[in-house]
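Presented below is the structure to which this report refers.
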Amino acid sequence: MAVSFQTLLTGIRRNLRDANGTTWNDAQLGELIQQGIDAVSSIYPNEGVEQVAYTVPSQGAIHSYTFSAITWPIRVDVLNSDGKYSETIKPTVGEGMDSGWDFYGGKLYLPSHYAFSSNTGTLYVTGYQPWLQISPTYTTANVAVSPSTVTTDLNNRAQYAVKVFVAAEALSMLMFDRAQFQQWQVGGGNTDISALGLNNLAAAAQARWRDEKTRIRTIRRLG
């Protein structure tokens, strides 16, 4: 599914009591959203499939491929030149380059003497990948340009976790910026909240993020 930057901003501003953007501008929240997506990806990764065309190299040659999305492969299947399933390559058992496929330095390495059943075809790689980062552009006033058209592929669970992360970080920011805290007090109708009260809100938000990390943490399958 796709969710727009505008949708994320609206929900986050509502949670922060900053609906009009008085305290946090789009660029500030955009940076926190990017950090949140990275944090969520590390504990609740997206599942994906990537297909890479191959041509059988000469025997003994280093046989490696770089992926554009997958960062943690768990299964490598081979499709023949007709796009039909041919075989599954076993993962390494740690006994050298011929003991199975290995993933290191962002590259998939195949056994150097592996005999493919077809000279050309496609590697069908199943694994984990980060959630898509947002890439908004901003005006000189730090206002997002066309935020409704900038999207990410976060599902509902990942969206919620990102919002929890941003709320925790944004409230913590107010602890270190007196002027921004005063803007938030006035602009959001929060004049009844003191610095001590803010500290309690920020601590509660951080505790909520810790609980959320526990709730969504995914045990990754091994190859």
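The values are calculated or read from the model by the stated rules, or taken from the named source; none is laboratory data. Just so we're clear, the structure is a prediction, and the values are computed from it rather than from any experiment. Note: ideal-geometry Cβ built from the backbone for every residue, glycine included; neighbour counts use all protein chains shown. Heavy atoms of the whole protein, side chains included, go into the accessibility calculation; ligands, DNA and RNA do not. Shrake-Rupley method; radii C 1.70, N 1.55, O 1.52, S 1.80 Å.
So which residues in region 8-18 are free of Cβ contacts under 8 Å to residues at least 40 places away in the same chain and open to solvent by 50 Å² or more (accessible area, probe 1.4 Å)? Steps first, please.
Restricting attention to region 8-18, the residues satisfying the condition of being free of Cβ contacts under 8 Å to residues at least 40 places away in the same chain are 10, 13-14.
Within region 8-18, Thr10, Arg14 qualify.
Could you identify the single residue in Leu154, Leu79 that is within 25 Å of Gln35 (Cα to Cα) and crowded, with 18+ Cβ neighbours inside 10 Å? It would help to see each step written out before you state the result.
Working: Leu79 fails: within 25 Å of Gln35 (Cα to Cα).
One residue alone meets the criteria, Leu154.
Among residues belonging to region 17-35 that are at pLDDT below 90 and touching a Ser or Thr at 6+ places or on another chain (Cβ under 9 Å), point out the one that is nearest to Ile134 (Cα to Cα).
Filtering region 17-35 for residues that are at pLDDT below 90 and touching a Ser or Thr at 6+ places or on another chain (Cβ under 9 Å), the one nearest to Ile134 (Cα to Cα) comes out as Ala19.
Quick one: which of Ala27, Ala69, Ala2, Ala39 is open to solvent by 40 Å² or more (accessible area, probe 1.4 Å), of a type in the set (Gly, Ala, Ser) and touching a residue at least 24 places away in the same chain (Cβ under 8 Å)?
Testing whether each residue is open to solvent by 40 Å² or more (accessible area, probe 1.4 Å), of a type in the set (Gly, Ala, Ser) and touching a residue at least 24 places away in the same chain (Cβ under 8 Å) leaves just Ala2.
Within the set of pairs 6 or more residues apart or between chains, which connect a residue that is free of Cβ contacts under 8 Å to residues at least 60 places away in the same chain and over 18 Å from Leu222 (Cα atoms) inside region 110-128 to a residue that is of a type in the set (Asp, Glu) and in a strand (DSSP E or B) with Cβ atoms less than 8 Å apart?
Ser117/Glu87
Which condition number does Gly96 fail, the rest of (1) open to solvent by 20 Å² or more (accessible area, probe 1.4 Å); (2) touching a Phe, Trp or Tyr at 6+ places or on another chain (Cβ under 9 Å); (3) without any contact (Cβ under 8 Å) to a residue 60 or more places away in the chain; (4) not hydroxyl-bearing (Ser, Thr, Tyr) being met?
Unmet for Gly96, out of (1) open to solvent by 20 Å² or more (accessible area, probe 1.4 Å); (2) touching a Phe, Trp or Tyr at 6+ places or on another chain (Cβ under 9 Å); (3) without any contact (Cβ under 8 Å) to a residue 60 or more places away in the chain; (4) not hydroxyl-bearing (Ser, Thr, Tyr): (2).
Find the residue count for region 111-121, including only residues that are loosely packed, with under 14 Cβ neighbours inside 10 Å and either under 27 Å from the mean Cα position of the chain (by Cα) or not in a strand (DSSP E or B) (or both).
Looking only at that region, the number is 4.
Residue by residue, here is whether (1) surrounded by 14 or more Cβ atoms within 10 Å (Cβ to Cβ); (2) within 30 Å of Leu8 (Cβ to Cβ); (3) in contact with a Phe, Trp or Tyr (Cβ under 8 Å, 6 or more places away or on another chain) holds:
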site	(1), (2), (3)
Asn46	yes, yes, yes
Thr88	no, no, no
Leu123	yes, no, yes
Thr137	no, yes, no
